[in-house]
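J.: One structure follows; several queries about it will come next.
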Amino acid sequence: MRIILLGAPGSGKGTQSQLLVRKYGIPQVSTGDLLRAARAKGTGLGLAVRAAMDSGQLVSDEIVLGIIRERLAEPDARPGFILDGFPRNLEQARALDELLSRLGQPLDAVALMEVNYAELTRRIAGRRTCRACGAVFNVLTSPPPAGATCPASGAAHELYQRPDDREETVAERLKVYEEKTRPLADFYAQRGLLHRIDAEGDVESVARRLEAALGELAAGSAPARTPPRPAPRRRKARAASRARGLVKRAKRSKKASRGKRKPATTRRTTATPRRRTALKTARPRRRR
């Protein structure tokens, strides 16, 4: 199953992605995580990411697509993947469509998580992030469990609010989403891939709606495989071997038939015993 989760900031894409990962055993491909990992590894694309981030510029679509291509080539992404955070505009969507077509991994579905903007503002303003491990919580809907400790520090999570999650910036983020990302719904609807999901309510209720929309797709995502046909060279070799076998059997059959045939009869060139006796007893005539 190859799907994209679309939705405004705070619509629950990340939470639902993790639930789908556990249910279907396919990886979540988050462009934010990929960019951070590439920068840390210092690969060719990672150095390009670092240069763009350090200069305060946006990472180009070409670099992002290159990182996605590398990630989808890994073995765990062959059965499918969940794209989260990409594409964000029509230009990226078209470029992604071309990339997946070249890879032979076309999309199966696009799920649009729909939430009222007032609810989104409340959700985003409630977000808190752990300074040590980067885990994201929501003080209103999903606070850290009682007694939970940070895996990085070993102490309680030290939570803070990112500047992007402050209420005064949420309105601007939603405006950008409405202008840039919202048109993707029409783009994928025209291709018959879009599923609109009511993403309001508790996490479990939203998960049930999402799974109901994707259930038929998941059931039909593993068609029966037919055994591959042998390669042309192999077929030619097998045909030649069969032909040689037929020739050998024909020769053996021919030899066997010759061995069973009766010898041809020859004409008798000698006289019979009675004739020989007559010749011996006959006396030559005297000449007068």
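Every number here is computed from the coordinates shown, using simple stated rules; none is lab data. Quick caveat, the model's predicted, so the values are computed rather than measured. As a convention, Cβ positions derive from the backbone with ideal geometry for all residues, glycine included, and neighbour counts pool all protein chains shown.
J.: Let's test the formula: R0 of 30 Å, r as the Cβ-Cβ distance of residue 36 and residue 156. What FRET efficiency results, to the nearest 0.05?
T.: 0.80
J.: Can you list the HN-Hα couplings for region 153-165, worked out from phi with the Karplus curve (6.51, -1.76, 1.60; θ = phi - 60°), rounded to whole Hz and with x for Gly and Pro?
T.: 9, x, 10, 5, 4, 9, 8, 9, 9, 5, x, 5, 9
J.: Could I ask something else about it? Rounded, prolate or oblate for region 9-56? Axes are the square roots of the Cα gyration tensor eigenvalues, ordered a ≥ b ≥ c, and the cut-off for rounded is a/c under 1.5. Mind showing how you got there, number by number?
T.: Numbers: a/c = 5.29, a/b = 1.99, b/c = 2.65.
Note, shape of region 9-56 comes out oblate.
J.: Then there's this: Describe numerically, in nm with one decimal, the distance between label points set 7 Å from Cα along Cα→Cβ at residue 47 and at residue 132.
T.: Distance between the two pseudo-spin positions: 3.6 nm.
J.: What nm value, rounded to one decimal, do you get for the distance between residue 167 and residue 205 when each label is placed 7 Å out toward the C-beta?
T.: Those two pseudo-labels are separated by 2.4 nm.
J.: For residue 194, what residues show an amide H to amide H distance below 5 Å, using hydrogens built from the backbone and excluding near sequence neighbours?
T.: Long-range HN contacts for residue 194: 110, 189.
J.: Pull out the extension gain between residue 78 and residue 62, defined as 0.36 nm times the separation in residues minus the alpha carbon to alpha carbon distance; nm, one decimal.
T.: So the chain would gain 3.5 nm between residue 78 and residue 62.
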